[in-house]
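Just below is one structure, and these are the notes that go with it.
The values are calculated or read from the model by the stated rules, or taken from the named source; none is laboratory data. Predicted model, so just to flag it, every value in this text is computed and none were measured. For neighbour counting, all protein chains shown are included, and Cβ atoms are generated from backbone atoms with ideal geometry for every residue, glycine included. Surface accessibility is based on the protein's heavy atoms, side chains included, excluding ligands, DNA and RNA. Shrake-Rupley method; radii C 1.70, N 1.55, O 1.52, S 1.80 Å.
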Amino acid sequence: MGDSFCHDQEGWGPTSGSRADVTLCFESTILLGLPAILAIVAFAYRFYTLIHFGKRHGFGRTRSIYIPSQTLTLATCAVLIARAVTLSQQSGGYAPASMFGNCLLLIAWFLVLPLNHLEGLYEIRSSSYIFAHSIISAIAAAISVRTMHDLQQTQSTQYKFFVAYLVLNLAGFVVEAWPRGRTAVQKKSGASAYDKANLFSRLSYHFLQRVVSLGYERPLTFEDVDGLMPAYIRTEATYPHLSNKWERHLEKCRAKGKKPSLMKIILGSYGYQWAGIMVLRILTSIMTYVSPQLLNSLLDFIESYTVVVNVDGTTTLEPQPVALGIILAFGMFFSSLMVTYMTAQFYAVTMNLGIEIRTALISMIYRKSLKLSNTAKNTSSSGDIQNHMSVDAERWPNATTFVPMLISVPFEIGIAVWMLYQKVGFSVFVGLGSVVAMLPFHYVMAKVFGKVKAAKLAAMDARLRSVNEVLAGIKIVKLYNWEDSFKDKLTTARRRELDVLKRIGKVFSLLSVAFSSTPMIIALVTFSCYATIGGPGGSRGEITPQVVFVSTSLFGLLSRPVSMLSQIMNQVVSVSVATTRMQKFLLAEEISDSVVEREDENGQTTPVVEIKDGVFAWCKEHPDVETEKEKKARLKEEAKKHLKEEKEALKAGKPVPIRPPTPEEIDRSPLLTDINLQVRKGEMTAIVGRVGQGKTSLLSALIGDMYIRQGTVRVRGRVTYAAQTAWIINASLKDNIVFGREFDQKKYDHIVFASGLLPDIAMLPGGDATEIGERGINLSGGQKQRVSLARAAYQDAEVYLLDDPLSAVDAHVDQHLWENLIGPNGLLKNKTRLLVTHGIHHLEEVSQIVVVKDGKISEQGHYDDLMAAKGAFCQLIDEYSVNSRRKKAKEAAEGSGESVAVETTSEKAEGSEDSSSTKEGDDETALVLAKTDEKLVADEKMEKGSVSWDVYRIYLGAASYTYSAVVVFMLLAAQGCQIGTNIWLEHWTNVSPDGTENPPGKFLAVYAALIFIYMVMNMVLTYIAMVWAGLRASERLHVQLLNNILRLPMSFFDTTPLGRITNRFSTDIYAIDDGIPWGFMSVLICGISVLGTIIVIGTSTPIFLAMVPPLGVCFVLIQIYYMRSSRALKRIDSISRSPIYQHFSETLTGVSTIRAMNVGADFIEANGTKTNVSANAYFSYITSNRWLQIRIESVGATIILGAGLFAVLSRNTLNPSMVGLALSYALSVTEDITWMVRSYCDLANQMVSVERIDEYVRKNQEAPAALPSDAELPESWPQEGRVTFKNYSTRYREGLELVIKNLSFEVQAAEKVGIVGRTGAGKSSLTLALFRIVEAANSHWAKASHNGDENSIDTLPTATDLDEKKAPVTELEKVEVEQDGGSIWIDGVDISTVGLSRLRQSIAIIPQDPTLFAGTVRENLDPFEECQDADLWEALERAHLKEHIAGLTGGLSFMVSQNGDNFSVGQRSLICLARALLRKTKILILDEATAAVDVETDELIQKTIRKEFKDRTILTIAHRIKTVMDSDKILVLEKGCVEEFESPKTLVQNKNSLFYNLAQQAGEIKDDHDDSLP
């Protein structure tokens, strides 16, 4: 541009020839005009987005801000118009450049007026566009005013107008930036803190200041961080966005026959955001390389003060202006600040995007889990799916930071290479050749790393699957004394995982050498080439401070993208593997909505439920179609897995496992065939049949859970479902019943009464508001079933599918439910009901009976019709129904004129049934809470204050103090080598710049030796830290956690959600495996690097050391201020994840109920709420890191400023080489300090995982597994089986009411005792006492195993109390106990003196809840492999299950699915019977053992028990009075006390006895003229 445009002698510039500044013309066009042009474009874009996509908030305007803002904008426009007029009227003409800038500003500010008007309608915060324009314009105007002042233009009118413009601009900026938190608009909006924050607050993260300040004053809570994250991160916004794109992608892929790609969709769905992120990253990269250029200029400035000796002996000195040196020093300072703010924004934006993706993926996974088919469920366990949430989805928040670097890193390397070329010429390409030579090595390592990461995730999946299973069945594990077996199983799974971790550590050791040493190798090769042939014409290059230290600084900058390659590779590979795993799950087969044709109930006579020619199966008819490549890969993987299992089995001395069947070998025959069924409106249909015949499967077919091979299923009207195993959610009793429906008090009261829950509610401390624990742990089996029935009734559906709900309740409760709820006169009398039942006493009253046999409907019709047909059903009724026999006797008696006295009594009993049912207690319930306001499941404990040094001691002790010391020493030595290389270069530049006197060979040899030593040390210390120390800590902490968890008392599991425990084994163990070793390394590396930097700078400019103390104080204060909040935020983040996993686990358990009742939307909403809470907690935590980064790096930039200014001020005395060395270190120290503080804070936050694991490790265990006194017991103890209770009392945990009170009775050897009582009498509690699952009240072990109040932090011991454990005992002594808890004796031995292992293996039990574990049938029967296969088959034969097991693929090696889902509940009970048959003990406990089997199978089981256990003591708890009628004695319990203890014959003869009443209600009392027992 010529003088005509600028109208100035200086011209356009950009720099002035007469002063150290830019020209006024440059300022008018670039500083004023260019930002105005950008503002005009940005404003036009903002107009478009607001008008087309904006949504008016409707809260009005904040007039106190809007009116002043518009007024000042108008005034600004007026001043700019006045200046334009003044410029045009100047004598001699005006400068077009000035008019150009002025007019562009005028246009931009005119556009602010309508934009500000629109922003007030659509936004509740200040406009970021106007805010940015105001501050940029103000800065540019200030510079122009200063320049005009320097050019003596202060007297001109246009100058005065421009000053007025600057003042108005600043005033407008103040108004725009004015806080709006107290305005009515923001208060009404309810928006998050982020959505309310203005641009400055977002750039500086000041919107988090309230939280940080609050966290410094006191521990933070969830309420303190509530509502911080932006709305676009919430599930309501993220899920539809990603899910819709995924669904459209799937449709396109299906149409084109292509494979879908979730990774592609995730990257493509956020295209605009990725584009913005890339622009920001590229700009940041460019700004990063400004500092080396400024360093080059500053070294030129210092060298200008060096005396140069000419050839003729004269000296010359051409110093540059001091102002230039100061400007350069401040330029380095401000460029560092710019990089800080831009980097912080980059990390913030990418992490926010990562959270968006995470919340969307969690929602997609959750929704998918509600739709999985049975085949898909068998391949994806709850542990696997939880891993997709807790591990795979979590990869994205970190990965989004690294994915853009795939593009920016090559760009940064390109800039560095270009700048290096300016310094050392073609030599830089020789240096880069060394990088190219290492690419094959990097490629191989990347491939290996990808494989080991996938193997690590697979190994972790397998371990967590086993952990979830053990925790879900922990009560059974303890009853069977299987802790050691499962500990071995989990240890084996963990060992596999550690083997993979070891491989990862080895790979990383090699990668760390490659990436950390690459810049040094490039520098070595480059300087070697340059020093020998890098000069003009192939001569030696001149080794000067500028060449060496600017190049060193550039090599340092180059090292960042190059060293990031390892992390980028790690993150990209990890997220790719994780996304592939999630994709596989999201592509899993879904349950078909077309299986059941659902129609609205039309009120006509057409069948409400109809199945025509139905053929149903639990698996698909044919295996999935595989390509040849996929098949080969699967077979190879299976062979590899089987070979590994074989090796492990042989090593452990166990039988070699049988290879699992291939998809082609699996039995795919249908379970139900030729099903034809019609149920009309209002009818009750009973479905009966023997165990395993397909009754439950028939209901599953009706709700659409099975594959339909043939026929049609049609259901008219809404369906509700009560599963055989009652499903209870962790909520209040009332919420469990209402289940998301609108609350109706009258309806609710009727249903609660009809379900027989009134007595239970009366006993609960909070009534129906009492919290029910996870899996309903504080309810008995009967109570859970009644809650399930009440829930079904409250849904007010048209069709009720009831899967054997009466088997878990006592006889009188059965009668109450029948009369008031289910039966022909109950609340549901007008509803269509399909009732699966094993009981036969109500069958006369149902509309239709369906008999299922061998998967077919063998008989169907009314009771009278089936009896008249004289088929199998008639034979069953005649043989097993007392009512039938009594009816015949009654008819005979009426024929002879005799009366049946029992009828009168029976009627009397029925008349008083309601009143008697009100006496129900809460047995097995039993976690009766002591105080009304006490929560059963306490909120998860969150430690307060800093992470104790004891936590660090625990980790370092587990890792080995020796290894830790070696790592520190080697890091110091490695840093010394790194500094030594630069000092050696400084020495080289001083000795001989042109290399004529000292050939470069010597210098290069020493330089290479130092680099080689550094490489070796780096590799060795990484290997020691990751493989030796890190794995040692991982192994030991996991072992401690596992050992203690398996030995904790049941009261802990009763009050702790499984998700909370699982979180320790997943997220916390993962942090210990992967995060903490690197955390320690980062802290040490950054700390030692900062120390080295201070030493180097202090050596060159000693005056700099005066800055160290104040800067150190600033850093420490910021860190302390930040750390208190950061720790709390990390803990909140950790705790916020547990509810997601807990709710998810709960959902998977009841997914059939959720689907059948069509309440998936409610659960999806609950999942979204919990995910939002977790996302908000995570957002708060990562945003606090940005808050720290801005402040730490801003203070750290003063080191650059100080080093630069001190170098300028000491320019006459400093050696340019030392200045170059010091400043090259100063440029990197800001990032090092930030990373040091960040790494320390991150490490402290990661150590929360160790703290959380240690919390569980420190919990008090139950009584020891073995005691010295065990050796004194006879090997065959107990030899007789005599059991004596002496004044025994117990409670489920300290502080609760007694559930058994002063029990005293004796069971003789080989005596058969039936234990009966109403619900809540204490029957199951008695069996738990025998196994010492609960201890005698106020006993030593009851105190020693108590773990205090979960809600109270102060009552728990700290790590320093680890050995003493005095706090819980002190607390226990305050608990008032009514009296001593008494004792239980077996064969004259007090069982409290026997080790738990010896005791529990000496008693056999068939538990109330038949539990199977994933594994083979053999492992479920004999986990310790103590029996021969012949013994197992014999036991199965006696349990009437041999035929079924023999028919399965593999027989004893048949794989039991998770929770035993591929066996019916009845079949599971029979397997538990087989377990008892295998255990040759003198005492057998039957706890409702036959509740889930039909009467015929029950009779067979009773015969087996009478035959096989005739010489054993048997204690039988049964709802069916018939089961215990042939016992030697009957123990009747009432409210935890012994009410009666006599022979059944004696008790029956006493019509006033409680047993007589119970037996009569059950229909087991014969006519008065027949005194014999049935």
Practice problem: Go through the range 1155-1178 residue by residue and tally those that are surrounded by fewer than 23 Cβ atoms within 10 Å (Cβ to Cβ) and more than 22 Å from the chain's Cα centre (by Cα). | Solution: 3
Quiz item: Are any of the residues in the range 652-660 modelled with pLDDT under 90, surrounded by 13 or more Cβ atoms within 10 Å (Cβ to Cβ) and assigned to a helix (DSSP H, G or I)?
Solution: no
Quiz prompt | Count of residues meeting criterion [of a type outside the set (A, V, I, L, M, F, W, C) and under 35 Å from the mean Cα position of the chain (by Cα)] in the range 1420-1465 | solution = 11
Self-check item: Elements of type helices (runs of 4 or more DSSP H) in the range 1413-1489, at least 3 residues being open to solvent by less than 10 Å² (accessible area, probe 1.4 Å), basic (Lys, Arg) and modelled with pLDDT under 85
Solution: none
Exercise. Write out, first by first residue and then by second, each pair whose Cβ atoms fall under 7 Å of each other, whose residues are 6+ apart or on separate chains, and whose first residue, in the range 944-957, is among the polar types (S, T, N, Q) while the second is open to solvent by 50 Å² or more (accessible area, probe 1.4 Å) and modelled with pLDDT under 90.
Key: 948/1358
Quiz prompt | Residues within the range 1179-1228 that are over 19 Å from residue 1110 (Cβ atoms) and of a type in the set (Lys, Arg), tallied | solution = 2
Quiz item: Does residue 1266 satisfy the criteria of being over 30 Å from residue 1067 (Cα atoms) and hydrophobic (A, V, I, L, M, F, W, C)?
Solution: yes
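For (1) at pLDDT 55 or above; (2) touching a Lys or Arg at 6+ places or on another chain (Cβ under 8 Å); (3) surrounded by 15 or more Cβ atoms within 10 Å (Cβ to Cβ); (4) of a type outside the set (S, T, N, Q), each residue gets a yes or a no:
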| site | (1), (2), (3), (4) |
| --- | --- |
| 918 | no, no, no, no |
| 925 | no, no, yes, no |
| 942 | no, yes, yes, yes |
| 959 | yes, yes, yes, yes |
| 966 | yes, no, yes, yes |
| 982 | yes, no, yes, no |
| 989 | yes, no, yes, no |
| 994 | no, yes, no, yes |
| 1011 | yes, no, yes, yes |
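I'd like the full set of residues that are aliphatic (A, V, I, L, M) and touching a Ser or Thr at 6+ places or on another chain (Cβ under 8 Å), limited to the range 1145-1188.
Scanning the range 1145-1188 gives 1148, 1151, 1154, 1156, 1157, 1164, 1173, 1175, 1177, 1188.
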Quiz prompt | Qualifying residue in the range 1064-1082 (condition: within 19 Å of residue 501 (Cβ to Cβ), in contact with a Phe, Trp or Tyr (Cβ under 7 Å, 6 or more places away or on another chain) and open to solvent by 10 Å² or more (accessible area, probe 1.4 Å)) | solution = yes
Quiz item: Can you find even one residue in the range 446-464 that is out of contact with any strand residue (DSSP E or B) (no Cβ under 6 Å at 6 or more places or on another chain), charged (D, E, K, R), more than 30 Å from residue 517 (Cβ to Cβ) and buried (at least 19 other Cβ atoms within 10 Å of the Cβ)?
Solution: yes
Quiz item: Name the residues in the range 1498-1508 that are among the β-branched types (Val, Ile, Thr), crowded, with 21+ Cβ neighbours inside 10 Å and in contact (Cβ under 8 Å) with a residue 60 or more places away in the chain, would you?
Solution: 1501
Quiz item: surrounded by 24 or more Cβ atoms within 10 Å (Cβ to Cβ), modelled with pLDDT under 90 and among the polar types (S, T, N, Q): does that describe residue 795?
Solution: no
Quiz item: For the range 91-114, does any single residue satisfy the condition of being in contact (Cβ under 8 Å) with a residue 60 or more places away in the chain and at positive phi?
Solution: yes
Quiz item: What number goes with the only condition from (1) at pLDDT 90 or above; (2) within 30 Å of residue 773 (Cβ to Cβ) that residue 1033 does not pass?
Solution: (2)
Self-check item: Count of residues meeting criterion [in contact with a Ser or Thr (Cβ under 7 Å, 6 or more places away or on another chain) and polar (S, T, N, Q)] in the range 705-740
Solution: 2
Exercise. Tell me, yes or no, whether the range 220-233 has at least one residue that is assigned to a helix (DSSP H, G or I), open to solvent by less than 30 Å² (accessible area, probe 1.4 Å) and closer than 26 Å to residue 406 by Cα.
Key: yes
Quiz item: In this structure, is residue 124 in a loop (DSSP other than H, G, I, E, B), surrounded by 19 or more Cβ atoms within 10 Å (Cβ to Cβ) and aliphatic (A, V, I, L, M)?
Solution: yes
Self-check item: Members of the range 1506-1551 that are among the basic types (Lys, Arg), farther than 18 Å from residue 1483 by Cα and not in a loop (DSSP other than H, G, I, E, B)
Solution: 1522, 1545
Quiz item: residue 1373 passes all but one of (1) open to solvent by 60 Å² or more (accessible area, probe 1.4 Å); (2) touching a strand residue (DSSP E or B) at 6+ places or on another chain (Cβ under 7 Å); (3) modelled with pLDDT under 85; which number fails?
Solution: (2)
Exercise. Return yes or no: is residue 371 open to solvent by 30 Å² or more (accessible area, probe 1.4 Å), touching a helix residue (DSSP H, G or I) at 6+ places or on another chain (Cβ under 6 Å) and in contact (Cβ under 8 Å) with a residue 40 or more places away in the chain?
Key: no
Quiz prompt | Spans of helices (runs of 4 or more DSSP H) in the range 698-784 with at least 1 residues closer than 30 Å to residue 597 by Cβ and of a type in the set (A, V, I, L, M) | solution = 733-738, 745-754
Practice problem: Please go through the range 36-57 and pick out each residue that is open to solvent by 70 Å² or more (accessible area, probe 1.4 Å) and without any contact (Cβ under 8 Å) to a residue 40 or more places away in the chain. | Solution: 38, 41, 45, 48, 52, 53
Self-check item: Residues being loosely packed, with under 12 Cβ neighbours inside 10 Å and modelled with pLDDT under 75 - total across the range 623-636
Solution: 6
Exercise. Kindly list, by first and then second residue, each pair from a residue in the range 676-696 that is on the phi > 0 side of the Ramachandran plot to a residue that is part of a strand (DSSP E or B) and among the small types (Gly, Ala, Ser), limited to pairs with Cβ atoms under 7 Å and residues at least 6 apart or on different chains.
Key: none
Exercise. With respect to residue 1530, determine if the residue is closer than 15 Å to residue 1311 by Cβ, touching a Leu at 6+ places or on another chain (Cβ under 7 Å) and modelled with pLDDT of 75 or more.
Key: yes
Practice problem: State the number of residues belonging to the range 327-342 that are open to solvent by less than 20 Å² (accessible area, probe 1.4 Å) and closer than 29 Å to residue 241 by Cβ. | Solution: 0
Exercise. Would you be able to tell me the number of residues in the range 852-881 that are in a loop (DSSP other than H, G, I, E, B) and either in contact with a strand residue (DSSP E or B) (Cβ under 7 Å, 6 or more places away or on another chain) or buried (at least 17 other Cβ atoms within 10 Å of the Cβ) (or both)?
Key: 4
